[in-house]
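No value in this document is a laboratory result; all are computed from the given coordinates. Since the structure is predicted, the reported quantities are computational estimates derived from the model, not experimental observations. Backbone-built Cβ (ideal geometry, glycine too); neighbour counts: all protein chains shown.
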Amino acid sequence: MTASKLGVTLGIDTSSRANGSVGGEITKRLVRMAEEQLTGQYRLH
């Protein structure tokens, strides 16, 4: 998963807060995917 898949373009002028927000969102999605996979609900898109 990348920032561009979230519709965000990160660059040299991107604030630390924005970078952290993207990282947090990616982490939430990865955790959700893992939980779904563990319960047998995850489907590849």
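Over the chain, dividing the summed -39,500 (n - 2.57) contributions of all DSSP H runs of at least 4 residues by the number of residues returns a 222 nm mean residue ellipticity of -18000 deg cm²/dmol. Among T27, T14, T39, the order by Cβ neighbours within 10 angstrom, fewest to most, reads T39, T27, T14. How far apart, in nanometres, would the label points at E36 and N19 be if each is projected 7 angstrom from Cα along the Cα-to-Cβ direction? Placing both labels 7 Å along Cα→Cβ, they lie 2.9 nm apart.
Report the normalised scattering of the chain as log10 I(q)/I(0) at q = 0.14, 0.16, 0.23, 0.32 Å⁻¹, calculated by the Debye formula with identical scatterers on the alpha carbons. For the chain, the Cα-only Debye profile gives -0.41, -0.50, -0.79, -1.13.
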